[in-house]
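Here is the structure we will look at, set down as structure tokens.
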Amino acid sequence: MTVTVKTFARLTEAAGALSSERGATFLSGGTLVMRAVNEADPSIQTIVRTTDPNYAHIAATSGRVELGAGVTMAAILAERDLAYLHPAARAVGGPAIREAATVGGKLFAHAPYGDFTTALLALDATVMLAGGFGQRELPLEEFLTRREREAALVAAVAFKRPGNGELRFVKVTRMHPKGVAVLSIAALLPGASGRVSGARIAYGAMAPTPVRAKMAERALEGRALDAAGIAPAIAVAADGTAPVDDAIASAWWRREILPVHLRRLLLGESASMRRA
Amino acid sequence: MKTPIQFRLNGEDVATFAESGTNLLDVLRESVGDLSVKGGCWQGTCGTCTVLIDGAPRVSCVTLAESCAGRSIETTAGLRRGADLHPLQTAFMENFAAQCGYCTPGMLMAAKALLDRNPSPTREEVVDAIGGNICRCTGYEPIIQAVLTAARGDDRRRA
């Protein structure tokens with residue numbers, strides 16, 4: 001089957017083509033789409049891409065951080081102002097994949113992939129969409145529930161810059177240094193040095209898309225990050241999750257080890273990559 | 001539909017035609033004839049097809065060939081200079097870092113990407129650099145030692 005590639009110099013032109021053409025798929029870094037093309041996925045008839053430099057812009061110095069959807073994991077690792085995202089970016093593949101994999105592409109990865117999106121969900125990121133209608137914004141949590149139906153182009157993500165040490169991340173794998181996730185956890189813990197207020201916890205590989213751990217978040221409100229303080233959150237850690245059985249781990253095992261790794265993360269005992 | 005593509009390959013200009021939507025690996029092997037690049041999984045998983053694009057490692061099987069227009073690509077075919085092997089190639093031989101040899105081109109390019117930007121890596125940095133490349137023969141230790149040997153510049157043939 002022939003695949004047509006359409007390259008646009010401007011993001012808005014690419015967004016227009018993506019919205020108006022049936023069977024069009026946007027190519028960001030290629031790690032998901034080219035894999036499907038190699039497997040002759042019949043749903044991919046036209047590839048739309050852009051060379052617009054704005055697609056890969058980074059604005060990381062102010063309180064509101066904006067990352068173009070074309071920003072790669074390697075670009076994040078090269079940016080000192082994004083140090084709080086380095087553990088999540090480093091968790092993605094090996095160096096060659098990190099040079100290709102993008103912020104926008106990761107939003108479409110199916111479990112057990114998409115660890116970086118878990119960190120963005122904990123950061124309460126907003127997805128900026130471009131299409132024939134112009135631009136609009138959507139909370140990442142909402143976007144993840146409708147991403148398969150979304151015809152607009154993901155142009156960027158934005159979030160409030162976390163305070164020092166407020167964002168914690170762990171990816172649990174069976175192989176090191178590179179392995180597919182058994183699960184991943186990202187936790188934004190405002191007030192981490194005293195009582196936690198407004199925590200946001202997100203899980204990867206515990207549902208078809210990254211999901212919030214809302215029961216654990218509520219149980220953590222106003223509590224100290226010590227063994228007694230986090231106990232109620234650990235007790236409800238797996239509530240609301242829907243992991244699948246796959247070649248990496250069974251759903252049962254994912255639920256069993258989730259509280260263990262959440263506990264370690266909240267107590268600050270976790271490296272960013274851990275063996276299961 | 002065939003699409004014209006031009007890029008630099010190991011320092012030389014290349015112009016070829018490829019089916020629209022083809023990955024770089026297939027273009028290098030089938031259109032250009034550079035058989036030093038090996039295909040393993042065509043999923044971006046095994047790292048065997050690793051090449052350097054503008055100095056950065058990339059898995060060529062999930063890289064759209066058309067996105068490489070005007071860029072500089074390096075493969076293992078361009079490593080040696082005349083009769084002289086690249087220090088990494090020599091170190092791989094000296095350290096028995098190739099067994100079946102299928103992963104070797106990708107390992108060499110992943111290691112070159114590391115040494116080009118970090119000539120004195122730690123063992124941990126070497127492990128990270130080849131972390132996306134699968135080897136089912138060696139258990140990785142000889143490969144790690146070969147990269148560290150090449151970095152130190154103390155392989156016997158160069159001494």
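What to note about this one:
- Annotation: B:K112 fulfils all but one of (1) farther than 18 Å from A:G93 by Cβ; (2) without any contact (Cβ under 8 Å) to a residue 60 or more places away in the chain; the unmet one is (2).
- Among the residues of segment A:148-168, some residue qualifies, meaning at least one is assigned to a helix (DSSP H, G or I) and not polar (S, T, N, Q).
- Summed over segment B:124-146, residues that are part of a helix (DSSP H, G or I) and either more than 13 Å from every other protein chain (Cβ to nearest Cβ) or over 22 Å from B:A56 (Cβ atoms) (or both) total 5.
- Residues in segment B:1-25 that are more than 17 Å from the chain's Cα centre (by Cα), in contact (Cβ under 8 Å) with a residue 40 or more places away in the chain and within 14 Å of another protein chain (Cβ to nearest Cβ): 6 in all.
- Single residue of A:T31, A:T25 found to be assigned to a strand (DSSP E or B), buried (at least 19 other Cβ atoms within 10 Å of the Cβ), in contact with a Ser or Thr (Cβ under 9 Å, 6 or more places away or on another chain) and not assigned by TED's automatic domain parsing to the domain that holds A:A109: A:T25
- Segment B:26-72 - residue that is hydroxyl-bearing (S, T, Y), farther than 20 Å from B:A15 by Cα and facing chain A (nearest Cβ under 10 Å) and, of those, surrounded by the fewest Cβ atoms within 10 Å (Cβ to Cβ): B:T45
- Selection status of A:A216, outside the structural domain of A:L32 (by TED's automatic domain parsing), crowded, with 24+ Cβ neighbours inside 10 Å and more than 30 Å from A:I44 (Cβ to Cβ): yes
- Inside segment B:41-68, residues that are touching a residue at least 60 places away in the same chain (Cβ under 8 Å), farther than 19 Å from B:G132 by Cα and either part of a loop (DSSP other than H, G, I, E, B) or of a type outside the set (D, E, K, R) (or both) make up a count of 2.
- Screening A:V103, A:V71, A:V65 for residues that are surrounded by fewer than 23 Cβ atoms within 10 Å (Cβ to Cβ) and more than 13 Å from chain B (Cβ to nearest Cβ) leaves exactly one candidate, A:V65.
- Of the residues making up segment A:247-276, those that are part of a loop (DSSP other than H, G, I, E, B) and within 30 Å of B:E124 (Cα to Cα) are A:A247, A:I248, A:A249, A:L267, A:G268, A:E269, A:S270, A:A271, A:S272, A:A276.
Matching residues to (1) in contact with a helix residue (DSSP H, G or I) (Cβ under 6 Å, 6 or more places away or on another chain); (2) touching a residue at least 60 places away in the same chain (Cβ under 8 Å); (3) closer than 30 Å to A:T50 by Cα:
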residue: B:G70; (1), (2), (3): no, yes, yes
residue: B:G82; (1), (2), (3): no, no, no
residue: B:F92; (1), (2), (3): yes, no, no
residue: B:N95; (1), (2), (3): yes, no, no
residue: B:V127; (1), (2), (3): no, no, no
residue: B:I134; (1), (2), (3): no, yes, no
residue: B:C137; (1), (2), (3): no, no, no
residue: B:A150; (1), (2), (3): yes, yes, no
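- Residue within segment A:95-110 that is aliphatic (A, V, I, L, M), within 21 Å of A:R174 (Cβ to Cβ) and within 12 Å of the chain's Cα centre (by Cα) present: yes
- In segment A:1-22, residue surrounded by the fewest Cβ atoms within 10 Å (Cβ to Cβ) [restricted to those that are more than 9 Å from chain B (Cβ to nearest Cβ) and in contact with a Gly (Cβ under 8 Å, 6 or more places away or on another chain)]: A:S20
- Checking every residue in segment B:33-40 against the condition of being assigned to a loop (DSSP other than H, G, I, E, B) and within 22 Å of A:Q45 (Cβ to Cβ) gives zero matches.
- Filter result (hydroxyl-bearing (S, T, Y) and touching a strand residue (DSSP E or B) at 6+ places or on another chain (Cβ under 7 Å)) within segment A:232-255: A:T241
The values are calculated or read from the model by the stated rules, or taken from the named source; none is laboratory data. If you're wondering where the values come from, they're calculated on a predicted model, not measured in any experiment. All Cβ positions, even for glycine, are placed from backbone atoms using ideal geometry, and neighbour counts span all protein chains on display.
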